[in-house]
Every structure is written in structure tokens, then in C-alpha cells.
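Worksheet: one structure, shown below.
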Amino acid sequence: MRYPGADRDAVSNVSLQIEPGAVTVLLGPSGCGKSTLLRTVNRLVIPASGRVLLDEVDNAGIDPVELRRGTGYVIQAVGLFSHMTVAQNIAVVPSLLKWPRARIDARVDELLGLVGLDPARYRGRFPRELSGGEQQRVGVARAIAAEPAVLLMDEPFGAVDAIVRANLQQQMIHIKQRLRTTVLFVTHDVDEALILADRIVVMHAGKVEQQGAPVDILREPATPYVARLFALSDQTRRYDELRAALSSTELS
Amino acid sequence: MTLTRKRSLALIGAALTLPSCGGGDRNVLKAGSKNFGENIIVAEIYAAALERAGLHVERRMNLGSTQIATEAMVRGDIDLYPEYTGTGLIDVLHHTPVRSASEVYAIVKREYARRYGITWLAPSPVNDSQALAVTASLAEKMQLRTLSRCAVLASGLSLAAIPEFVSRADALPGLQRFYGGFHFKSVRTYAIGLQYDALTRGDADVATAFTTDSQIDTDHLVLLSDDKHFWPPYNIAPLVRNTALRAHPQAQAVLNRISPLLTDAAVRRFNEAYNLAHADPAQIAQQFLKEHAH
Amino acid sequence: MTYIMGHLGEIGDLTLQHMGLVAAGLFLAMVIALPLGVLAARNSHIGAPIFALTGVLYVIPSLALLAVAVRYIGLGWAPVILVLAAYAQFILVRNIATALTSVSPAQIDAARGLGMTARQQFFRVEIPLATPVLISGLRLATVALIAIATLGGYVGAGGLGDEIFLGLQRKYIEQTLAGSIPAALLAIILDALLRLAERSSRARVG
């Protein structure tokens, strides 16, 4: 996956290569363009200049509807269809793709299990009967129902409290281990990035400050901004402690 | 999807309940009428007489104005209704006024048969002519008793008219051409029957009228005399579609037996019953036939 | 009361005719109002003049509108249905536009992002979510049209207006009531039924 992009003002001169099968987190403060960047992948946003290449194919040449059906999409506001049951919500893309009924039903049950919800209890419920955390679990299930190659997640856990967020993050780790989907995850929460990411892309004011594995970034922040950003994180402190512990172990 | 389904149900409901177009069951005679009491009563009399003679009659009363009734006949929505010779002549055929009652009848009979395939059966003696009415006191005060005088005085008078009067060739436009003048200070239209209220309330000086209206007696009104004979005779006659006559030839004799019974006096009497005693048109018809049974 | 009791059959027929007029008027009104409402919802620049125009139609006395209609298409039920449809635009176009614009933006974004076509978004998400508000608008329009349809009595359109005007003609108040009471009852019943529909739809949508 690749983003050569010299976008309009929200994002400028970004060129990224996204590692397939891994979780790449776009990390940065609100308004730095990371959501906009994310939405160029499924063409909800069209770059003023530059291209988005999926497996070497420019996504401008793909029918947007087809593109989106092959791309999972989870948003902070969840956006579960309130007139549909949990099962119907999850079944949306498979239905659009005209999967046979039996396959859809099986997939719904499988996914509910994957996101930590008991199918028997949750299938027939309506979104309004669920808590925020439960709704977003369904949201994730809905996004990956049709086995997309790419999963886009735009601050998906931002609207819930810290405890629920922690649970959702753990569930996400579990999902990540089970699937080999390429995930693009947008967040402003440094700790969240450190917990979930295989690679982090740090963004600031529409530009990329640094990209790489979390460990590498923590060890060698490329700019003062990046250094400041991670210094504030709990995880960084724990990592520093761990590194200190490890290096002392190595030495001995 | 519920919304679409609801809409289609509404459409079906509308289609079923709105007046249907086109022909119909040939064994039933469809009797219609225009939208005022006298016409409804005469139509009921025709219908009841036909039923007494053993025919099946379906009623579609109160269809609307002359124009609507005529269209309904031409389309076959109804097979018969009572019409006035003068109205047929001027309002439907757009002919110039003719004074002789027999001549008017001859013309309408010929033209309706030729143009519409409709037959005028025997005319009745009753002459329900259009007229202009004023209160007795106004007639006295302004010495207003004729149409000629009204033509001249009109610019200082207000007129309460039924809607048809303003546009019919045998009404206001015709009066203006024939008598000259008749440019009223103001003209306001009212639903049929309500123009008399305007007159008695004092909201108007002159009101349009029909000579058999019961309000003329009850409100003590004066009918202005048609001294130059603008208005042709308006004799009631049954109008019947030729196809219906062919299917039910005995209808002709039945209806023609009724015609001579409708005199000015008889019609005024049942108008009174309808307007004052609030009698039912169907009952008035039954009563009428009982009285004149032979 | 005796008049009504003695003419139940006729009054029943007239009531059905009246319902037919209202139904036809509503149907025609929806056919016109839906595209206009959708347009106004999508584009507020077009929306403003559309609302203004429907407001003008609403403010013109229905009888005056009827006279104009009769002049061009003659007497009978046709001009009445036209007037009913014109009058309902004010209520329906605004209602449809509001119903669509107040649908949750998150759900629309999700629908788009998941890969629904514009048509699928419209029919599978926007319309179902907008339905409670749409029913509410339909309810308001229905009640208004039941009243206006009595004008049919002026132009030979049939319906309960016939009794109202015949009763007025001969100053027979019972006959007039025989026309107006069923009309009022019709309005009350349909309002109640549509309220129920609205409530159940709202429960469904959440």
C-alpha cells in the first residue's frame, strides 16, 4: 500500500508506504490531517494531487463502491444503523456482496465471538440497547465482515471511557493476532498507539514527522516534537524502565 | 417498504371510490341531477316513476353544474337527467336566445340528437326561468320593476350572483349585450341559494334568481319583469341517452307521462317542502307520484 | 340527528368519496414533494426558493386556487385533487427535507464508507431513518387535506362537501352537519392512526 501524496492543505507532501498485514497507526493531534489521509484510502476524500496505490493499483481507477466494500471502515461515532439489529448491521457488506444466507449467518456468529460478544445474546439486539463499548465492538465486526484486505479505523475508541477503551484495545490486539488484515489506525492517543501499533506514523500539521516501529521511534525520536510527544506517555516511562532493566541484564 | 405500500393502497382506494368513467351495466338506468334542490327532486321523480314501471335505476344525484351534467351524459356516466330548454339552447349549444317555447324545444331536440346522441323527451309546462330579484322595499323606493330600468340603474347597485350567472351566455354577459347597461357597481358570487341571504341581509341590492325558487315567496321578493324578453323559456324536460332509450324503450312513455304534471305550481310547492320543511327529495318524489297516480 | 340516521348509506358513500379525494391528493402531492424535498435536503441554495414557492401556494386561499384550476382543467374532481396537492406541498416538502437532513450523519458516513451506492444509502438507511418524521408530515397533510377537500362541494367533485353545501343552500343545518361531522371524525381517526404509526416507527428506528 502506498500513499504518495501532495494533498491539499490538510495534508501536504505525504509519501508513505504501508506495510501489508500489519497495524500502522497514524498518530498526531486533532486537525493534523490524519483522518483526511485515512479517508483517501477508501476515496471518501479525493486528494488534490498525488495518488493512493493499493497493490500497485491507483485507487482512482477502481469503482469507489467496489473499493469501499473491500475496505473495512470504523468511525468514532460508530454509526451503527439504528433500525437494524446487530446481526443485520454486521451483515451489511456481505449482503451487498450477495453472499448466501447461510454463509452470512455463520460469519455473523463468528465475528461476534471474535469481538467478544455472545452471539446468542447479541444477534437480535438493536444498537440502542447496547453500551458504547458494545456498539463499537459491533462496529468493528461490521467493518471486517466481508474479509477486507484493508481495515481503516478513525479514532474508533475515542468516544468511550478509559476502562472500556482499554478493553476494546485488548480486543483489538486479539483480533489483530487472529487476522492478517492490513490495518490503518488513526488516533491522537500516544499510549493507544504504543499498545496497538506494529508501525507508527507520527504526523503534525499535515506532515509526517517520523515513521517506524514503536521501539525505534522511542529509542531515537527524529524531531523535538516527536520526543516531546512520547515523553508524555506512560508507556514510554515503562519502556524506559524496561530498557534500563534489559540493558542492565545484557550487560551482565 | 411501508411508505410505498401505503401510497399504493391510497391510490387503489382513490381509484375505487372516485366516480368511474365510461359505460356500465346495460340493465341499469343511471339517473343523475344537477347540484340544486329542484333538479334533484325532479330527477328523483323521474327515477321513482321508472322504478314503479319495473326498471332498475341507479342514482347519481348532485353531480354539479350544467357543464358537469352534460359531460357526464356524453361520457355515459349517467343516462338521464332533467334539463331546461333555455339552458340547453344558450348555455350548451351557444345558440342566440329564441322567444318561442316550441321553437326553443325544436332546436335543442334536433341539435342534441345530432351532436350528442341525446334525446329531449316531452317538455313540462313549468318555466323555471332565470330572473333578477330585489326586495319589495327597494322596488318601491327606486320604482324598480323591470329589467330595462335595472340595466340603467345597475351602476349604482350591487349584485349577488350564483357563480354560473357571471359567465353564462344566457346570464350577465347576455343581459349586457341585449339590454345594454347592466354594469353593476359590484358583483359578488355566492353558492346557489346563498345569494338570497345577501339580499335579505342588505349586503346586495339585486340577486340572481330562478322563478320557481321558494325564497321568492318566503322572503317577499319582487322578480323584475323581462320586458324585452331576453330570457328564453326554460321548460324542464327529461334528457335521455339514445343508447339507454334503445335498451329500455318503455322509459320514454313513463317519462312523457310525468312531464305534463310538472307545472309552475307543483314545482313551487315541492321547492317549498324542500327548503322550508326540509323534506327529503326522495320522499317528495314518492309523495308526488302517489298524489298523481293513475 | 334524524337526517344523519336516515341517510347513513349516502353519507357513507360520500365519506368514501371524500377519502378517495384526499388519498389521490396526497398521492399526487407526494409524487411532487418527494423529489423537491430530496433536492432541498441536498442543496440548501435550491431549498430556499422551493420553500418560498410552496409557502405562496399555502397562503393563497384554497378557493381562489380552485377557481384558477377550474378555469384550466374544468370542473369535477380533477381541479380539487390539484388544489389538494398544491396545498400539501408546503407541509410535505419542508417535512421531507427536514426528515432527511436530520438523519444521523454518522450513519450516513458509515453507509457510504461500507460501500453502499447512493441509491442504497437512500433507500436502506436514509429513508428508514427518516420515516418517523415523514409519517408525522403525512399526518399533518392528511388532516389539512380532509378539511380542504370539502371544497369539492363547489365544483361537483363529490365528497362530504356536497352535503355541506346542499345543507347551506336550503338552510338545513342537520344536512350541513351530516357533511361536517363525518369529515371531522375522519380527521380525528386518521390523525390517531397515523400517530400510532409514527410512534411504532419511532420505536423501530430508535
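The values are calculated or read from the model by the stated rules, or taken from the named source; none is laboratory data. Quick caveat: nothing in here was measured; it's all calculated off a predicted structure. With ideal geometry, Cβ positions are generated from the backbone for all residues, glycine too; neighbour counts draw on all protein chains shown.
Before moving on, here are some points about what is shown:
- For the range B:30-46, a residue qualifies if it is of a type in the set (A, V, I, L, M, F, W, C) and away from chain C (no Cβ under 14 Å), and the qualifying residues are B:Ala31, B:Val42, B:Ile45.
- Only one entry in B:Ala106, B:Ala154 is modelled with pLDDT of 95 or more, in a helix (DSSP H, G or I) and over 26 Å from B:Met61 (Cβ atoms), namely B:Ala106.
- Qualifying positions in the range C:1-30 - among the aliphatic types (A, V, I, L, M) and at the interface with another protein chain (Cβ under 9 Å from one of its Cβ atoms): C:Leu16, C:Met19, C:Leu21, C:Val22, C:Ala23, C:Ala24, C:Leu26, C:Met30
- The sole residue among A:Leu114, A:Leu151 that is aliphatic (A, V, I, L, M) and surrounded by fewer than 21 Cβ atoms within 10 Å (Cβ to Cβ) is A:Leu114.
- Matching option when the condition is surrounded by fewer than 20 Cβ atoms within 10 Å (Cβ to Cβ) and modelled with pLDDT of 95 or more, among C:Leu185, C:Leu138: C:Leu185
- Looking across C:Ala149, C:Ala157, C:Ala130, C:Ala197, one residue alone is aliphatic (A, V, I, L, M), within 12 Å of another protein chain (Cβ to nearest Cβ) and not in a helix (DSSP H, G or I). It is C:Ala157.
- C:Gly113 falls short on exactly one of the conditions (1) within 22 Å of the chain's Cα centre (by Cα); (2) at the interface with chain A (Cβ under 10 Å from one of its Cβ atoms), and that condition is (1).
- Residue match in the range B:58-66 (condition: farther than 14 Å from B:Ser33 by Cα and buried (at least 24 other Cβ atoms within 10 Å of the Cβ)): no
- So B:Leu255, is it away from chain C (no Cβ under 14 Å), assigned to a helix (DSSP H, G or I), touching a strand residue (DSSP E or B) at 6+ places or on another chain (Cβ under 9 Å) and among the hydrophobic types (A, V, I, L, M, F, W, C): yes
- For the range C:39-77, a residue qualifies if it is part of a helix (DSSP H, G or I), within 12 Å of another protein chain (Cβ to nearest Cβ) and either touching a Ser or Thr at 6+ places or on another chain (Cβ under 8 Å) or in contact (Cβ under 8 Å) with a residue 60 or more places away in the chain (or both), and the qualifying residues are C:Leu63, C:Leu66, C:Val70, C:Trp77.
- Some residue of the range B:111-120 being more than 14 Å from every other protein chain (Cβ to nearest Cβ), surrounded by fewer than 17 Cβ atoms within 10 Å (Cβ to Cβ), assigned to a helix (DSSP H, G or I) and hydroxyl-bearing (Ser, Thr, Tyr): yes
- Residues (in a helix (DSSP H, G or I) and away from chain C (no Cβ under 11 Å)) located in the range A:36-62: A:Thr36, A:Leu37, A:Thr40, A:Asn59, A:Ala60, A:Gly61
- Among residues of the range C:167-193 being of a type in the set (D, E, K, R) and assigned to a helix (DSSP H, G or I), the one that is nearest to the other protein chains (Cβ to nearest Cβ) is C:Glu174.
- In the range C:101-130, residue surrounded by the fewest Cβ atoms within 10 Å (Cβ to Cβ) [restricted to those that are in contact (Cβ under 8 Å) with a residue 12 or more places away in the chain and in contact with a Lys or Arg (Cβ under 8 Å, 6 or more places away or on another chain)]: C:Gln121
- Here the helices (runs of 4 or more DSSP H) wholly within the range A:115-188 that include at least 1 residues being closer than 21 Å to C:Ala111 by Cβ are A:132-144.
- Count of the range A:63-95 residues which are more than 7 Å from every other protein chain (Cβ to nearest Cβ) and of a type in the set (Ser, Thr, Tyr): 3
- In the range C:55-99, the residue that is surrounded by the fewest Cβ atoms within 10 Å (Cβ to Cβ) out of those that are among the hydroxyl-bearing types (Ser, Thr, Tyr) and at pLDDT below 90 is C:Tyr72.
- Of the candidates B:Ala198, B:Ala161, the single residue that is crowded, with 18+ Cβ neighbours inside 10 Å, more than 14 Å from chain C (Cβ to nearest Cβ) and within 18 Å of B:Val222 (Cα to Cα) is B:Ala161.
- The lone criterion from (1) touching a Pro at 6+ places or on another chain (Cβ under 8 Å); (2) closer than 23 Å to B:Thr135 by Cβ left unmet by B:Ser167 is number (2).
- Flag if B:Thr87 is farther than 21 Å from C:Gly153 by Cα, modelled with pLDDT under 90 and out of contact with any Pro (no Cβ under 8 Å at 6 or more places or on another chain): no
- Taking (1) over 30 Å from A:Leu232 (Cβ atoms); (2) within 14 Å of another protein chain (Cβ to nearest Cβ); (3) surrounded by fewer than 17 Cβ atoms within 10 Å (Cβ to Cβ) in turn, A:Gly132 satisfies each apart from (1).
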